[in-house]
Every structure is written in structure tokens, then in C-alpha cells.
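Reviewing the structure listed below.
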Amino acid sequence: DAIISHVRHEGVAASFRLGKYMELSTAQAAVGSSLLDLAGLIQKLALVSPSMEFKHTDLKTGEALKQFPGVKDKFTIAQQSELPKLLGEALLVVCAHCRRLVRDKKKFEEAASKLSLQQAQSLKELTQKIGAKRSERLNVEETGPEELEGLKKPAGANDGLSPDWSLPSAGQLTIMTYKTGAVALRVVGGRQLLQLKLPTVAASKAGILKIKNLLLPCERELLKK
């Protein structure tokens with residue numbers, strides 16, 4: 001869990017220095033200084049989702065608060081009663097502002113203009129790291145069929161799919177690549193279990209093996225559903 005790992009690394013006192021983000025909404029301007037205070041957590045979240053796109057349920061802090069009850073001491077009594085909800089909402093805003101600064105140069109410049117030169121450079125480095133992680137997932141070059149030796153195409157492939165390949169070692173599961181760029185985990189001859197937005201990464205043998213290693217440990221739980 002990225003949030004628990006963050007608290008362990010940063011320590012209870014420094015783990016949730018949300019500052020103005022306890023009150024900001026997504027529509028408001030990004031606050032560079034507060035984002036820098038959360039740089040460690042932001043980078044951990046970017047490892048989980050390079051696009052920095054999360055649902056509220058993805059950012060649950062309840063378990064972290066149970067393991068590190070001292071975190072609550074940094075917040076008011078009124079905040080403590082709803083702290084998991086408040087932290088989740090604040091982190092959603094943090095992620096939204098990170099996405100905005102990565103894709104919108106003007107918004108980045110506005111945020112950086114309120115910082116010192118050193119802080120502005122640190123914010124630039126932070127957004128570049130997030131952008132680089134996102135690019136690693138989104139800008140993978142397509143690999144031709146000649147590099148897919150050893151993989152076999154499943155029978156009766158849907159015309160809506162780009163070349164789909166099943167791993168002989170995958171057993172009951174097959175990993176499929178859609179023309180939209182999504183990657184799906186499907187029971188052979190059965191239902192789809194999971195779909196990821198990782199454009200073309202599964203088009204290469206190495207990419208498929210990487211996804212297989214990430215997804216197949218969940219096979220038992222997925223097949224129960």
C-alpha cells in the first residue's frame with residue numbers, strides 16, 4: 001500500500017502535510033508549496049497510477065491511520081472524526097492538480113510564479129518525474145508480429161481486436177490487446193475479468209510477460225468473482 005509505505009518512510013509527523021489541500025477544491029489553483037511538501041507521497045502514488053487518476057476508494061487512509069494513530073494528532077478534533085474521508089478528498093485534489101501541472105504549461109507557470117527559484121525548480125522536477133512515468137506507460141512503441149514468436153493467437157478472435165495473443169503458460173487466462181489501446185485479462189472462452197488502459201504495451205512479448213507477472217498472481221481471486 002503506497003500510503004502506508006509513505007507514512008513509514010516519512011514518519012508520522014511529516015506524512016500528511018496537506019497544508020492548504022485540506023480545504024482546496026479541484027477547481028481552485030494548484031499550490032506549489034503544498035505539493036512540494038507532499039512530493040514523497042505524490043511520487044509513490046505515481047508509481048501506482050502514472051496518470052495520477054484515482055477514485056476516492058483508491059485513496060483510503062483508514063488502514064494507515066489504524067497502524068499510525070499518531071497521524072490524527074496533527075488534525076483538529078473536528079477533522080479527526082471524519083479524517084479518512086477528508087484525507088481521501090484532499091488527495092484527490094492533489095492528484096488532479098498534479099495532472100493539471102503536467103499537461104498545462106501555463107498552469108505550471110502560474111503555480112511556480114509564487115515560489116522561490118529553488119522551489120520552482122523542485123516543482124518542475126516533480127512534474128517531470130510524473131510526466132516521465134506517464135510516458136513510460138502511454139508512449140510504448142508497437143511491436144510487429146515477428147517479435148511475438150512463441151505466442152499463439154486464440155481461435156475466433158473478435159474483429160474489434162488488434163492481434164490478440166494468449167500465453168501458453170497462462171492456463172485459464174489470456175491477455176488481449178484492443179485497438180483502443182486497452183489491455184484486458186479474460187478467461188479463455190469466457191468473460192473479461194479486468195481491463196487496463198496501457199496502450200500497446202502488450203503488443204510485445206516482453207510487455208505481455210510483464211503484464212502476466214503483474215496480473216496472474218490475482219488469478220484465483222478474479223476467477224471467484
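Just so you know, all these numbers are worked out from the coordinates, no wet-lab data involved. Keep in mind the model is a prediction, meaning the values are calculated, not measured. Here the Cβ is made from the backbone with ideal geometry for all residues, glycine too, and neighbour counts use every protein chain on show.
Brief remarks follow.
- Length released on extending from SER49 to GLU10, taking residue separation times 0.36 nm less the Cα-Cα span: 12.0 nm
- Long-range Cα-Cα pairs in segment 2-138 (distance over 20 Å), rounded percent: 43
- If the chain linking GLN128 and ARG17 were pulled fully straight, counting 0.36 nm for each residue of separation and taking away their Cα-Cα distance, it would gain 37.8 nm.
- Per-pair calculated FRET efficiency, R0 = 45 Å: ASP73 and LYS106 via Cβ, rounded to 0.05: 0.70
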